[in-house]
Every structure is written in C-alpha cells, then in structure tokens.
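*Asks:* Attaching a single structure in structure tokens format; questions to follow.
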Amino acid sequence: MRSLEITKDLRSYFFILYKLAELGARDRTVKLSTGFIAEKLNLSQQTVSRQLIELERKGWIRRTAAREGSLIRLTEAGEAQLRAVHSALDALFEEKRPISIMIEGVVFSGLGEGAYYITRKRYREQFIEKLGFDPYPGTLNLKLVSEYDIQMRRELDARPGVDIEGFRDENRTYGPVKCFPARINGREDGEVVLALRTHYNSSVIEIISPHYLRGALKLKDGNKVKVEVFLREI
C-alpha cells in the first residue's frame, strides 16, 4: 500500500485546502471572503487570513485581492496535496487486510484428552489436509483472563473458520471442529480449535500446533499467553 507522509504542513492546512477545493477553487478561480471561509470551517477570520497567506507562500494557491474578498484558485502543487490524501485513502480501503482479535489467557493443564482426540485418524487426516500441518498430539489450554477475552471467544462461534468434519467409528461419534489460524505470543503459529471436546465452556480456548507449544515458548501452568486469532470476513 502506498504510504502517505503526513507532513506538518499538510496537518496544518489540509482542511482549508480541502474546503477551498469543495468551494470550487480546484476547477476555476473563485471569489471568496475570509469571513465566508471562516464560517464554513468554524474558525476565526484572523486564522483563515493567516492560513491563506501561508498557502499562497507555499505555492499551493494563487490569490489576488478583490473587492470584498479574494480571487483564489488551487495550483497544481495544492491539488497534488489533496490527490496524495485521496490516493492513500483509496489504497487503505481497497487493501485486503487480515482481520484479527487478541485474546489473553492463562496456561493450565487439561485432562490429557486433547492428545486422544487429535490423534484420531479422521481428525488428523483433515488437520493435515486443511490446515497444512500434522499437529503435535496435545493442546495448549488457556483459561481466559477477563470478560472481554471471554466475549471475544464467544464471537468466534459466529465466525466462519476452517471446518473439520465430524465422523463416526465403531465405538462412538466425534463431532465437527472449527479452526482459526492464530499466532501465540507473537512467535509461534497454530490454530484455535473449537468443540474438540465439549466439557470446556467459553472461558477456555484450546490451541493446536505442529510444535509442542509449552516447550517452544517455555510455558508452564500459570503463565499468561496472548493469542492473535485471524478471522475471515463475513
């Protein structure tokens, strides 16, 4: 994306430059009084007069004194300032950025069921196919820290993720799983998994990764962990 350098001059004079263009001074010479411009910008006449002098000095407008006002037109340099802002805003709104939320939790030891579920053949095959990695046989379990974090976790239920289909074997039924790409403590990549098993409520998240996250991040029970969860646009 093209980056706009917000200079001190642009910060100081953008709004009056924009207003002059809005009043027609980009396409033609217009007759305007400082009082009229001041009213439109909710500024004092003294401030507007000072800013017009500066715009003329910078070569952003041409101005000629006239009876009860001035004849004003933007120069190519002045229009270029507005076009720079326009281009930067266009790029900003057109750019597709990943949407993410940040969730914080505290590491705790689960009951060891994560390893059991993750190593089921049909789950594992789908993790490899759809997520692109063979997960370490276990989950990193986080107890969420605040009501805000719990609410962010609940919002994941309504968001589209990567769907892992449920299945049935000769013994039991295994439910579907929804996954979201995540970055743990800004260093390790993984996936937040929802409904891998159901006895945890929305105050807990579980994370899988190709790596043993406790070892890779030197984590132990009670450590706080920040998880950036990447979302698809709805």
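The values are calculated or read from the model by the stated rules, or taken from the named source; none is laboratory data. This is a predicted model, so every value here is computed, not measured. Here the Cβ is made from the backbone with ideal geometry for all residues, glycine too, and neighbour counts use every protein chain on show.
*Asks:* Would you be able to tell me the number of residues in segment 91-139 that are farther than 24 Å from residue 230 by Cα and under 20 Å from the mean Cα position of the chain (by Cα)?
*Replies:* Total satisfying the criteria: 0.
*Asks:* Additional query: Cβ contacts < 6 Å: first residue at positive phi, restricted to segment 147-172; second residue surrounded by 11 or more Cβ atoms within 10 Å (Cβ to Cβ), any location; separation 6+ or different chain. Result?
*Replies:* That search, which allows pairs on different chains as well, returns nothing.
*Asks:* Quick one: in segment 39-63, of everything that is over 20 Å from residue 9 (Cβ atoms) and not polar (S, T, N, Q), which residue is surrounded by the most Cβ atoms within 10 Å (Cβ to Cβ)?
*Replies:* So the residue we want is 40.
*Asks:* Just to be sure I understand the filter: pairs with C-beta atoms under 9 Å, separated by 6 or more residues or on different chains, first member in segment 54-66 and within 17 Å of residue 79 (Cβ to Cβ) and outside the structural domain of residue 80 (by TED's automatic domain parsing), second member of a type in the set (S, T, N, Q) and assigned to a loop (DSSP other than H, G, I, E, B). Which pairs pass?
*Replies:* Taking only residues 6 or more apart or on different chains, not a single pair turns up.
*Asks:* When you go through 195, 216, 182 one by one, which is the residue that is hydrophobic (A, V, I, L, M, F, W, C) and surrounded by fewer than 16 Cβ atoms within 10 Å (Cβ to Cβ)?
*Replies:* Among 195, 216, 182, only 195 is hydrophobic (A, V, I, L, M, F, W, C) and surrounded by fewer than 16 Cβ atoms within 10 Å (Cβ to Cβ).
*Asks:* OK, next. Identify, from the list 118, 128, the residue that is at pLDDT 90 or above and out of contact with any helix residue (DSSP H, G or I) (no Cβ under 6 Å at 6 or more places or on another chain).
*Replies:* Numbers: 118 fails: at pLDDT 90 or above.
Testing whether each residue is at pLDDT 90 or above and out of contact with any helix residue (DSSP H, G or I) (no Cβ under 6 Å at 6 or more places or on another chain) leaves just 128.
*Asks:* Continuing with this model, one more query. Which members of segment 64-83 meet the condition of being among the charged types (D, E, K, R) and farther than 12 Å from residue 14 by Cα?
*Replies:* Of everything in segment 64-83, those that are among the charged types (D, E, K, R) and farther than 12 Å from residue 14 by Cα turn out to be 67, 68, 73, 76.
*Asks:* Quickly run through segment 114-158 and pick out the residues that are within 23 Å of residue 210 (Cβ to Cβ) and part of a loop (DSSP other than H, G, I, E, B).
*Replies:* 119, 120, 132, 133, 134, 135, 136, 137, 138, 139
*Asks:* Could you please let me know if residue 183 is under 21 Å from residue 127 (Cβ atoms) and among the basic types (Lys, Arg)?
*Replies:* The answer is yes for residue 183.
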